[in-house]
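The values are calculated or read from the model by the stated rules, or taken from the named source; none is laboratory data. If you're wondering where the values come from, they're calculated on a predicted model, not measured in any experiment. Cβ atoms come from the backbone with ideal geometry, glycine included; neighbour counts cover every protein chain shown.
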């Protein structure tokens, strides 16, 4: 093997080692970045809080059809449940035989026709179906829950932070959170302090320590972003940004990796 070939192989081998080292360093830097607000140490997690809406029956009867299921995304106005109205329709048919000559029959027919609307149950808001406790052909009484759902409107994000973390968060009008499930970064804005609570943590020696924490409420800067999430889903804070409303300030994980690479390789 001639000298030039040996040098070429050595250079390739050296380049591979350097590349792997830089990739490792960049990955570690990215991992640290994903646990940001580095000035206050521990990572901050948010959980999604959606309003739970229960829909109950206004009539008694038997379930004819259930058209929704748990986890299903639904739109306001979609038909969700049908309750068998056969007895009501039979009563209306009987009354119609006497309706021309009987004012009471006509009055009852009008009442029963209005009542028929209660045998069709529609989705009240856009959102995600939570639970459907009834099944087809099961009996239902007035007031029974037919289904519950998480509404898209009014989605909030809740976190608990230490006093130091709270002071740090107050510096920023907007912070960014990362969804591992969606692989995306979202901007959220501070709304209010819900309450101050005490939590018990344990030291390295196993001794209990009471710490004070602030329970904070945030909302999505773009309200429609909340539609993509399920109740109690977790997101992690990813950056200290931002004092402005520039969408370009949001960085995705691969952009962090690119910036780390540029800084290490070409000094930019």
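If only residues of segment 37-58 that are surrounded by 19 or more Cβ atoms within 10 Å (Cβ to Cβ) and in a loop (DSSP other than H, G, I, E, B) are counted, the one that is modelled with the lowest pLDDT is 37. Screening segment 71-115 for residues that are part of a loop (DSSP other than H, G, I, E, B) and modelled with pLDDT of 90 or more and picking the one that is nearest to the chain's Cα centre (by Cα) gives 71. Do we have any residue at all in segment 154-164 that's in contact with a strand residue (DSSP E or B) (Cβ under 7 Å, 6 or more places away or on another chain) and within 13 Å of residue 81 (Cα to Cα)? No, the conditions are met nowhere in segment 154-164.
Listed conditions (1) part of a strand (DSSP E or B); (2) out of contact with any helix residue (DSSP H, G or I) (no Cβ under 9 Å at 6 or more places or on another chain); (3) more than 20 Å from residue 43 (Cβ to Cβ) are all met by residue 219, apart from (2).
In this structure, residue 189 qualifies as at pLDDT 80 or above and under 17 Å from the mean Cα position of the chain (by Cα). Please go through segment 125-135 and give me each residue that is over 19 Å from the mean Cα position of the chain (by Cα) and either in contact (Cβ under 8 Å) with a residue 40 or more places away in the chain or in a strand (DSSP E or B) (or both), ordered by number. Passing the criteria: 132, 134, 135. Residues of segment 60-69 that are part of a loop (DSSP other than H, G, I, E, B) and modelled with pLDDT of 95 or more: 67, 68, 69.
Listed here are the residues, each with its yes/no results for (1) assigned to a strand (DSSP E or B); (2) surrounded by 12 or more Cβ atoms within 10 Å (Cβ to Cβ).
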residue	(1), (2)
137	no, no
146	yes, yes
153	no, yes
157	yes, yes
166	no, yes
172	no, yes
176	yes, yes
185	yes, yes
192	yes, no
